[in-house]
1. How about region 328-437: which helices (runs of 4 or more DSSP H) wholly inside it have at least 3 residues that are modelled with pLDDT under 90 and not aromatic (F, W, Y)?
2. Can you find, within region 219-248, the residue that is least open to solvent (accessible area, probe 1.4 Å) among those that are modelled with pLDDT under 70 and among the aliphatic types (A, V, I, L, M)?
3. If we only count strands (runs of 3 or more DSSP E) wholly inside region 23-138, which ones have 2 or more residues that are of a type outside the set (K, R), open to solvent by less than 60 Å² (accessible area, probe 1.4 Å) and farther than 30 Å from L186 by Cβ?
4. Output the qualifying pairs, or none if there are none: Cβ atoms under 8 angstrom, residues six or more apart or on different chains, first residue in region 342-369 and free of Cβ contacts under 8 Å to residues at least 24 places away in the same chain, second residue open to solvent by 30 Å² or more (accessible area, probe 1.4 Å).
5. Take A135 and tell me if it is out of contact with any strand residue (DSSP E or B) (no Cβ under 7 Å at 6 or more places or on another chain) and either more than 19 Å from E69 (Cα to Cα) or touching a residue at least 40 places away in the same chain (Cβ under 8 Å) (or both).
6. All but one of (1) modelled with pLDDT under 85; (2) surrounded by 13 or more Cβ atoms within 10 Å (Cβ to Cβ) hold for E173; state the number of the condition that does not hold.
7. When you look at S148, is it within 18 Å of R94 (Cβ to Cβ) and open to solvent by 40 Å² or more (accessible area, probe 1.4 Å), yes or no?
Amino acid sequence: MKKKSTIVRVILAVLAVLIIVGVIKYRPGELQEVISLDVTMSSPKAEACKVYYLKSGEENGDFNEDETEQGSYTGNGEMQTVSIEIPLDTAVIRFDPAAESCQVDISRIAVNHRGRTIFSLSLDDDVQNMVSINAVKKGDVYSLDLTSNDGYIVFHAIDPAETQAGIQRIDEEIATEPLSAGQIVLRVLVCAVVALLFFLLIWKWNAISSIPIEVVRNRKLVGSLGRNDFRNKFAGSFFGTFWAFVQPVVTIFVYWFVFQRALNVGSQVTKGGIEVPYVLWLLSGLVPWFFFSDAMGSGSNALMEYTYLVKKVVFHVSCLPVVKILSSLYVHLFFVAFTLIMYTAYGMFPGWFSFQLLYYSLAMLINVTGVVYLTSAIVAFFRDMSQIVNIVLQVGVWFTPIMWNIDAMNVSGALLVILKANPMYYIVMGYRDSLINHIWFWQRPAITLYFWLVTILIFICGTHVFRRLQPHFADVL
């Protein structure tokens, strides 16, 4: 046993070194597929801007609302750059500067990648068409007088091959540039956090691993209790466990009807320009959330529900939260299969990337296990904690980009950081990366590292609190 513990500590030390080296070598930036139309403009008041685009091969088609992105000018007569993300293979752009007739001054229009210009777009007559706009050039600034609320500019001279070459050039430039002082400080902080976390894992490995080892040793008992718990949820009802699958399906249908039919949300478009039916977009977000919500809600009350087992001297109480999580996992596996069938029915056949769902499901499983150990231990002493958990889940379903598309929203700065700080953001986007975007998880190294650091920290805290309070469970229940 001591030899195995030593081997694990050595592996953890090597892993910590590899992660620190990776953090030092990492160059920040979004995926290469992300480009944007950046317009430096001014207007007497705040205006809503819109970009219609036609992809390569659609140059002779018509602009439609399904291929649009929106931005907003929030200044008040001052020059401001409005950045609107567009697909990589865009060949024609129609830019609507404002939603109503007004005067707009534009000093520059460019296609950018990672904050740098791929190429600039000219407002000269030979490369664009203006509709319901009178343009006057004043030095380097074009003064546009929109004579109606439907004035727009069309740019035809866009070559996707030139865009791709520009992206490659910019990525190579950034990869060879020295880091700024802020980036160096951030890397030092991340390396320090990684080193401290892994030092804690190595130093307290025996204590941290005690609960997982106990669960593994009693895996047959845990499996049996998990199956019984799943069946007993609907004991006495005529259709039995059938209801476990009906309720989520009805929820999905209600959300789909409200958003797509009643609110006319329509198809969703990713940063890479992939258009997907809203029902598929909704499925890839709701399926992981259903598992997380059910596992966290029921797992938090595991000790309360199995009070008679907690009071048994010979029973391993640490297995009970896992029993509830395992019970929720049966339904989740069914809906993963259901999701793959739905994508196939819509012509989006699952490929190798769909196997990545196993990774994201495991990541979510470990994350929720740490949370449940923490909340279930607290609920035994503070019953109001279960109500707090319910409120967090009610808010969390809207705080996570499940029903709404973060790619289509003008979200940046502190708000974007806050949204991405939610661990379920990583899971939901991971499901969509596997089913829609076809992106491997290692292509998002920064957020992957963040998720696992947070998950490990939550698991350590959750199991530590559970171990410390475990001797007192029988007295308070």
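1. Result: 385-399, 413-421.
2. Of everything passing the filter in region 219-248, A244 is least open to solvent (accessible area, probe 1.4 Å).
3. 35-42, 47-55, 68-73, 90-96, 103-113, 128-131, 133-138
4. Between residues of region 342-369 that are free of Cβ contacts under 8 Å to residues at least 24 places away in the same chain and residues that are open to solvent by 30 Å² or more (accessible area, probe 1.4 Å), the close pairs are T344/P350.
5. Considered against the rule, which asks whether it is out of contact with any strand residue (DSSP E or B) (no Cβ under 7 Å at 6 or more places or on another chain) and either more than 19 Å from E69 (Cα to Cα) or touching a residue at least 40 places away in the same chain (Cβ under 8 Å) (or both), A135 comes out as no.
6. The failed condition is (2).
7. No.
Per-residue answers, yes or no, for (1) more than 30 Å from D66 (Cβ to Cβ); (2) more than 13 Å from the chain's Cα centre (by Cα); (3) open to solvent by 10 Å² or more (accessible area, probe 1.4 Å):
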{"position": "H316", "(1), (2), (3)": "yes, yes, yes"}
{"position": "S328", "(1), (2), (3)": "yes, yes, no"}
{"position": "F355", "(1), (2), (3)": "yes, yes, yes"}
{"position": "L358", "(1), (2), (3)": "yes, yes, yes"}
{"position": "L365", "(1), (2), (3)": "yes, yes, yes"}
{"position": "L419", "(1), (2), (3)": "no, no, yes"}
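The values are calculated or read from the model by the stated rules, or taken from the named source; none is laboratory data. As the structure is a computational prediction, the values presented were derived from the model and not from experiment. Quick reminder, even Gly has a Cβ in these numbers, built from the backbone with ideal geometry, and neighbours come from all protein chains shown. These accessible areas exclude ligands, DNA and RNA; they are computed on the full protein's heavy atoms, side chains included. Shrake-Rupley method; radii C 1.70, N 1.55, O 1.52, S 1.80 Å.
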